[in-house]
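Here's the structure we're looking at; comments come further down.
The values are calculated or read from the model by the stated rules, or taken from the named source; none is laboratory data. Predicted model, so just to flag it, every value in this text is computed and none were measured. Don't worry about glycine lacking a Cβ; one is built from the backbone with ideal geometry, like all the others, and counts go over all protein chains shown.
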Number of protein chains: 2
Amino acid sequence: MKDIPYKIYLEENELPECWYDLRADMKNKPAPLLNSKTHEPMTREELSKVFCDELIEQELNETKAFIKIPKEIRDFYKMYRPSPLVRAYCLEEKLKTPAKIYYKFEGNNTSGSHKLNSAIAQAYYAKKQGLKGVTTETGAGQWGTALSMACSYFGLDCRVYMVKLSFEQKPFRREVMRTYGASVTPSPSPDTNVGRQILTAHPGTTGSLGCAISEAVEAATSMDGYRYVLGSTLNHVLLHQSIIGLETKAALDKYDVTPDVIIGCAGGGSNLGGLIAPFMREKIRGEKDYKIVAVEPASCPSLTRGKFAYDYCDTGMICPLAKMYTLGSNFIPSPNHAGGLRYHGMNPILSQLRADGLLEAVSVEQTSVFAAAEEFARVEGILPAPESSHAIRAAIDEAVKCRETGEEKTIVFGLTGTGYFDMFAYEKFHDGKMTDFIPTDAEIAEAQKLLPTV
Amino acid sequence: MKDIPYKIYLEENELPECWYDLRADMKNKPAPLLNSKTHEPMTREELSKVFCDELIEQELNETKAFIKIPKEIRDFYKMYRPSPLVRAYCLEEKLKTPAKIYYKFEGNNTSGSHKLNSAIAQAYYAKKQGLKGVTTETGAGQWGTALSMACSYFGLDCRVYMVKLSFEQKPFRREVMRTYGASVTPSPSPDTNVGRQILTAHPGTTGSLGCAISEAVEAATSMDGYRYVLGSTLNHVLLHQSIIGLETKAALDKYDVTPDVIIGCAGGGSNLGGLIAPFMREKIRGEKDYKIVAVEPASCPSLTRGKFAYDYCDTGMICPLAKMYTLGSNFIPSPNHAGGLRYHGMNPILSQLRADGLLEAVSVEQTSVFAAAEEFARVEGILPAPESSHAIRAAIDEAVKCRETGEEKTIVFGLTGTGYFDMFAYEKFHDGKMTDFIPTDAEIAEAQKLLPTV
């Protein structure tokens with residue numbers, strides 16, 4: 001067996017030429033999006049008022065396994081991809097585990113996360129369609145940053161509605177977006193009907209992601225030449241993120257390494273879906289058997305405690321219905337610093353895989369996640385994002401089990417991003433002021449009362 | 001000629017095995033450090049009260065060109081090195097220049113800069129000497145972060161005196177250091193004699209780098225098993241940073257590229273000295289002729305407007321005297337966000353090279369630096385640190401000149417770090433509230449009045 005370096009870098013000419021769409025190989029396809037009023041499958045025409053045409057094609061695709069990555073997008077990818085697959089030698093030594101741990105690191109770009117993989121694709125298709133610009137919402141700010149970078153590259157106008165609380169608490173994120181020429185509006189804002197309504201009804205509110213989505217959609221549909229874009233949850237976003245898994249598999253193949261366990265954190269599901277795509281393909285086709293694990297926060301446990309049913313994708317109930325694991329669209333996660341994982345539902349592909357028993361799921365508590373983050377940072381030299389640290393927690397737990405059983409498992413996890421803009425959360429942890437939140441069964445049942453009957 | 005990828009990565013086994021000390025090839029050696037009271041050359045014994053033994057040997061070396069990098073340090077380097085040499089295709093296209101631009105990017109590690117290259121070496125030698133810990137000061141926070149990471153890796157205690165103004169304005173930097181287990185004390189503090197004196201004399205002061213140095217030195221010399229370490233300016237720091245230049249040259253050689261111009265920003269000089277080392281070697285030995293340029297802020301122009309003379313290294317005048325280009329040890333740079341470049345003097349090796357006509361120097365103004373930073377970020381996808389952006393400014397200026405003359409020069413510059421913790425400065429720039437400061441000749445002459453007579 002070849003000596004494995006600390007970091008496995010693919011050559012630029014080994015950058016995948018196609019994205020991979022898992023749906024083509026799934027026996028049970030994910031259920032279609034439904035119009036929230038008629039409960040009929042969403043048509044291209046309905047979707048085209050909100051989304052870019054090519055992205056709709058990708059969203060509705062079920063049969064085409066490999067979709068060519070346009071040259072313009074590959075050129076941009078070359079600025080920060082292929083991303084390294086890192087062998088966590090120092091973590092292994094620290095844990096005294098016989099397990100072999102690898103992580104795919106997506107944080108080495110200015111957006112600080114994997115979000116850029118889809119942002120550049122979405123901006124490209126918007127530009128190709130001749131649009132002037134796009135709108136979106138951002139909570140923690142990673143998606144907004146990624147989209148700003150992508151739009152700046154293609155000369156598109158980018159309007160970001162940022163949850164007012166984040167806008168005020170994360171001025172640095174805001175300034176990064178401004179550096180890339182985006183306009184950043186605190187939400188709710190007086191610029192949209194929905195924003196004005198909310199401001200009148202709740203003066204002094206600090207906003208919510210649901211409200212920011214509604215404002216971004218209204219802005220896109222009321223301006224000529226604009227569409228709305230989204231950073232997770234949707235199937236076409238998973239498609240773009242398959243680049244993560246394809247590179248991971250190519251890097252492992254190069255060294256004849258076959259993983260036993262593949263672990264990713266899951267909020268809307270884009271990173272997880274991307275990371276596992278080519279491995280799940282082999283699993284579905286019966287070529288290999290991998291243990292594939294989604295890790296979610298115990299405070300927002302859609303896959304581990306949610307119901308598999310049609311539900312609204314947004315709290316405002318204006319978006320289509322999706323069949324997914326859901327805690328109920330009016331489930332309000334308790335305050336939780338892993339902003340990117342605070343979503344009541346889960347991408348439909350991943351939900352179907354979970355329902356079919358192909359995907360395992362665990363939930364972990366916040367303080368144990370930050371303990372894992374710190375342990376990892378000290379030996380591996382990378383300060384991880386809170387979201388990514390959910391995967392670190394699960395990977396460490398798995399490696400510690402190997403220490404006890406003596407098994408030499410190969411563990412691969414996704415390190416989606418860096419935590420440079422999350423130091424308030426780290427500060428809370430250092431000061432012993434961080435607590436764990438776990439919703440009760442009654443709270444979840446209450447939030448699921450509004451599930452639509454389909 | 002081979003196709004040149006966006007990023008040239010060396011393999012891990014191509015990581016340099018030795019650092020290179022430029023002094024071995026210099027015809028005029030830099031003048032020795034002098035005891036600030038006796039004006040006699042500093043002895044090993046005098047230095048050993050403050051610094052680690054092995055680092056003193058490296059500081060005083062003048063003859064050994066190549067110094068083996070210990071395995072433990074190389075293992076750590078492998079976590080983030082070799083760092084990429086990037087071909088700035090997008091910037092070239094944006095500038096419509098026939099010039100070919102490359103940059104060596106040192107920001108892809110959690111400290112966010114090249115400082116980690118020396119921090120890990122200094123921590124290693126401290127550990128090897130059996131010390132319990134080290135003390136240091138930090139202004140902008142990059143050096144403190146790097147040292148915290150390095151000490152955490154080797155299990156050394158790390159005590160950082162952080163200028164109180166930064167401590168309060170940059171809570172995120174502070175939390176990163178705490179994540180790595182360092183103790184961070186706002187300076188001036190009541191923990192040291194010098195801190196107490198300053199607090200009594202100037203109640204409510206927000207501190208200064210000079211004061212933080214004095215506190216860190218006092219703390220190191222008054223505790224058993226501690227030494228003081230420094231992140232720039234000293235010759236042994238340049239030695240460790242030679243890894244930057246050695247990798248750069250190896251990557252260029254791989255593609256048969258010979259640069260015409262090599263550009264680095266200069267504060268204390270560690271990044272510049274490291275980047276240029278192997279190129280300057282060839283220039284001194286008459287094997288190649290490169291244009292080698294130091295870029296400094298117009299607000300703190302030691303190389304372009306300073307005097308080449310013996311001067312104190314610190315405002316407190318407790319450190320040894322060094323022969324260097326200096327604005328005077330009591331020169332107070334006007335408020336300037338490029339924190340790492342606000343030093344009144346310059347490393348003695350670089351000063352001697354400048355005096356010998358081997359090193360050119362230019363100064364650039366802050367607003368034009370931020371304009372270059374933003375232009376670069378938008379096309380190259382990396383948000384640069386303000387310090388690094390001085391080099392970007394000069395590189396862009398050089399490339400624009402090529403557009404005018406039609407020359408196809410090859411330009412290499414050092415991109416020392418990222419600006420994620422500098423968004424206050426970017427905000428000022430975006431809001432049009434940033435101004436330029438240029439000291440008058442009279443102000444510089446006044447500050448140089450206290451130059452010692454040696």
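For the range A:371-384, which residues satisfy the criterion of being within 12 Å of chain B (Cβ to nearest Cβ) and over 19 Å from the mean Cα position of the chain (by Cα)? Residues satisfying the conditions are A:Ala371, A:Glu374, A:Glu375, A:Phe376, A:Ala377, A:Arg378, A:Val379, A:Glu380, A:Gly381, A:Ile382.
Filtering the range A:426-454 to residues that are touching an Asp or Glu at 6+ places or on another chain (Cβ under 9 Å) and small (Gly, Ala, Ser) leaves nothing. Among the residues examined, B:Leu85 qualifies as assigned by TED's automatic domain parsing to the domain that holds B:Val412, within 20 Å of B:Gln241 (Cα to Cα) and modelled with pLDDT of 95 or more.
Restricted to the range A:152-166, and to residues there that are touching a Gly at 6+ places or on another chain (Cβ under 8 Å) and farther than 18 Å from A:Tyr228 by Cβ, the residue that is nearest to the other protein chains (Cβ to nearest Cβ) is A:Ser152.
Among the residues in the range B:20-36, are any assigned by TED's automatic domain parsing to the domain that holds B:Leu358, among the polar types (S, T, N, Q) and buried (at least 17 other Cβ atoms within 10 Å of the Cβ)? No, the range B:20-36 has no match at all.
Only one of the numbered conditions (1) buried (at least 22 other Cβ atoms within 10 Å of the Cβ); (2) touching a strand residue (DSSP E or B) at 6+ places or on another chain (Cβ under 7 Å) is violated by B:Tyr226, and that is (1). Within the range A:43-69, the residues that satisfy the criterion of being more than 21 Å from the chain's Cα centre (by Cα) and among the charged types (D, E, K, R) are A:Arg44, A:Glu45, A:Glu46, A:Lys49, A:Asp53, A:Lys64, A:Lys68. Out of the residues in the range A:2-57 meeting the condition of being acidic (Asp, Glu) and in contact with a Leu (Cβ under 8 Å, 6 or more places away or on another chain), tell me which one is nearest to A:Val134 (Cα to Cα). Filtering the range A:2-57 for residues that are acidic (Asp, Glu) and in contact with a Leu (Cβ under 8 Å, 6 or more places away or on another chain), the one nearest to A:Val134 (Cα to Cα) comes out as A:Asp21. At least 3 residues being within 14 Å of chain B (Cβ to nearest Cβ) is the threshold, and among the helices (runs of 4 or more DSSP H) wholly inside the range A:1-119 those reaching it are A:71-77, A:89-95. The lone criterion from (1) farther than 14 Å from A:Val293 by Cα; (2) among the acidic types (Asp, Glu); (3) away from chain B (no Cβ under 14 Å); (4) more than 16 Å from the chain's Cα centre (by Cα) left unmet by A:Glu387 is number (4).
Annotation: of all residues in the range A:120-135 being farther than 23 Å from A:Asn108 by Cα and of a type in the set (S, T, N, Q), the one that is farthest from the other protein chains (Cβ to nearest Cβ) is A:Gln129.
Restricting the first member to the range B:398-410 and to residues that are in contact (Cβ under 8 Å) with a residue 12 or more places away in the chain and at negative phi, and the second to residues that are of a type in the set (Gly, Ala, Ser) and not in a helix (DSSP H, G or I), the beta-carbon pairs closer than 8 Å and six or more apart or on different chains are B:Glu398/B:Ala99; B:Ala399/B:Ala99; B:Cys402/B:Ala99; B:Arg403/B:Ala99; B:Glu407/B:Ala99; B:Glu408/B:Ala99; B:Lys409/B:Ala99; B:Thr410/B:Ala99.
No other residue among A:Thr416, A:Thr410 is surrounded by 24 or more Cβ atoms within 10 Å (Cβ to Cβ) and closer than 21 Å to A:Phe279 by Cβ apart from A:Thr416.
The residue list B:Glu443, B:Glu374 contains one member that is surrounded by fewer than 24 Cβ atoms within 10 Å (Cβ to Cβ), modelled with pLDDT under 95 and assigned by TED's automatic domain parsing to the domain that holds B:Asn271, which is B:Glu443.
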